[in-house]
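Chemist: Structure in structure tokens, see below.
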Amino acid sequence: MKIVIGGQVEKKAIEEKIKEIDPSIETVIKSDLEAAMAMKTGQADYYFGACHTGGGGALAMAIALIGRDKCETVSMPGKKPNEEKVIEAVKNGKKAFGFTADHLDLAVPMLIKAIKSAN
Amino acid sequence: MIMRFQELTTRLELLQEQGLINEKVCRVTESVFEELARLVKKDSIEQAEMVFTHLPLALMRIVNGENIDRPDPFILEEMKRSEHFPVAETLVHFIEKLWEKSLPQGEKDFLYIHFINLLNINQGGDELEDCHRGTSGEEGDRRKN
């Protein structure tokens, strides 16, 4: 499994969190536009991105390139990620996930768990 | 990563093609980029993709009547102490003039933070400490303590 890390902030921290959970997951850090392009061209299986507001810079270019139906905002300021909603999003075929940087430690493990369960 | 005006327009066109932003948002964002370039006396701006993705989406949130919470108070305090805060305020006033309306305080606060960090990168200064993780919510509070 390959995860491309786009978004705007905390890219290295997201990569470290993924590797901490499962070192076998392949990760690559790119600009938000390049990361979205990697998804569009099938170079990565999933897109993770963080920004201040969760649905803004984290996912904007992914929505623009792969479509809103493949993207999910899993957290926003003051609204923590919800495990049931994350599982549902992955089951529904969402491939790109945006969250706020302060929810990184919650969102990344939830996403990895949901993705592994679905595959 | 450096952004030139052409790269901004490519980014905005992609967002507009998918209906994520409208024409007015594009024009305002382009004008803000030109104003910032004038202020920092550069044709290209380092690490501008964050601000210039955030800004058009912030304006669209306003168009759509969506609200966001204000950042944590400790970040607001730090923000106001920045040497670049007056310029950030000028840029937000510039946006409000073009937008022909006041922006919600939460959106203004995040724009101040983005502009201050961008000015620090392009003109020197300290980035706002921990601002990326300091959005509101329990987790942000936990990290702060």
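Chemist: Charges only on Cβ, +1 for Lys and Arg, -1 for Asp and Glu: so what's the dipole of the stretch B:2-122 about the Cα centre, in debye to the nearest 20?
Modeler: It comes to approximately 240 debye.
Chemist: What is the mean number of Cβ atoms from other protein chains located within 10 Å of the Cβ atom of each residue in peptide B:51-60, rounded to a whole number?
Modeler: Counting Cβ atoms of other protein chains within 10 Å of each residue's Cβ and averaging gives 4.
Chemist: So, with +1 on the Cβ of K and R and -1 on the Cβ of D and E, and no other charges, what is the size of the charge dipole of the protein assembly as shown about its Cα centre, to the nearest 20 debye?
Modeler: Computed charge dipole of the protein assembly as shown: roughly 540 debye.
Chemist: Quick query: amide H of B:Glu46 versus all other amide H atoms, modeled in the peptide plane; which residues come in under 5 Å with a sequence gap of 5 or more or a different chain?
Modeler: B:Met3
Chemist: HN-Hα J couplings of the stretch A:21-38 from phi, Karplus 6.51/-1.76/1.60, θ = phi - 60°, integer Hz, Gly and Pro as x?
Modeler: Result, rounded to whole Hz: 6, 8, x, 7, 6, 7, 10, 8, 9, 9, 5, 4, 5, 5, 5, 5, 5, 4.
Chemist: Same structure, new question: Can you work out the base-10 log of I(q)/I(0) for the stretch A:42-87 at q = 0.20, 0.32 1/Å, using the Debye formula on its C-alpha atoms alone?
Modeler: Computed log10 I(q)/I(0) values: -0.68, -1.26.
Chemist: Sticking with this structure for a sec: If the viscosity is 0.692 mPa s and the temperature 37 °C, what translational diffusion coefficient in µm²/s does Stokes-Einstein give for the stretch A:1-77 when Rh comes from Kirkwood over Cα pairs?
Modeler: Rounded to a whole number, D works out at 271 µm²/s.
Chemist: Need one value for A:95-102: mean number of C-beta atoms belonging to other chains within 10 Å of its residues' C-beta atoms.
Modeler: Neighbouring Cβ atoms belonging to other protein chains average 4 per residue here.
Chemist: Need the full-extension length gain, B:Glu96 to B:Asn67, defined as separation in residues times 0.36 nm minus the C-alpha distance. One decimal, nm.
Modeler: 8.8 nm
Chemist: Which percentage, to the nearest 5, of the DSSP beta bridges contained in chain A is antiparallel?
Modeler: Restricted to chain A, the bridges split so that about 5 percent are antiparallel.
Chemist: Further question: Which whole-Hz couplings ³J(HN,Hα) result when phi for each residue of the stretch B:106-117 is put into the Karplus expression 6.51 cos²θ - 1.76 cosθ + 1.60, θ = phi - 60°, listed in order with x for Gly and Pro?
Modeler: Values per residue, Gly and Pro as x: x, 5, 4, 4, 5, 5, 4, 4, 4, 5, 4, 5 Hz.
Chemist: Can you tell me the mean projection area, over all orientations, of the convex hull of the stretch B:2-122's alpha carbons? Units nm², please.
Modeler: The orientation-averaged projected area of the Cα hull of the stretch B:2-122 comes to 6.9 nm².
Chemist: Give me the aspartates and glutamates in straight-line cross-link reach of B:Lys108: C-alpha distance below 13 Å, same-chain residues under 8 apart excluded.
Modeler: Within reach: B:Asp69, B:Glu89, B:Glu96.
Chemist: While we're on this one: Please state the charge dipole magnitude for the stretch A:1-50, taken about the Cα centre, from unit charges on C-beta atoms (+1 on K and R, -1 on D and E), reported in debye and rounded to the nearest 20.
Modeler: Dipole size: approximately 120 debye.
Chemist: Please list B:42-53, B:94-105, A:69-80, B:27-38 highest first by mean number of surrounding beta-carbon atoms within 10 Å per residue.
Modeler: A:69-80, B:42-53, B:27-38, B:94-105
Rule-based calculations on the coordinates, nothing more; no lab input. Source: prediction; values computed, not measured. Note that each Cβ is placed from the backbone with ideal geometry, even for glycine, and that neighbours are counted across all protein chains shown.
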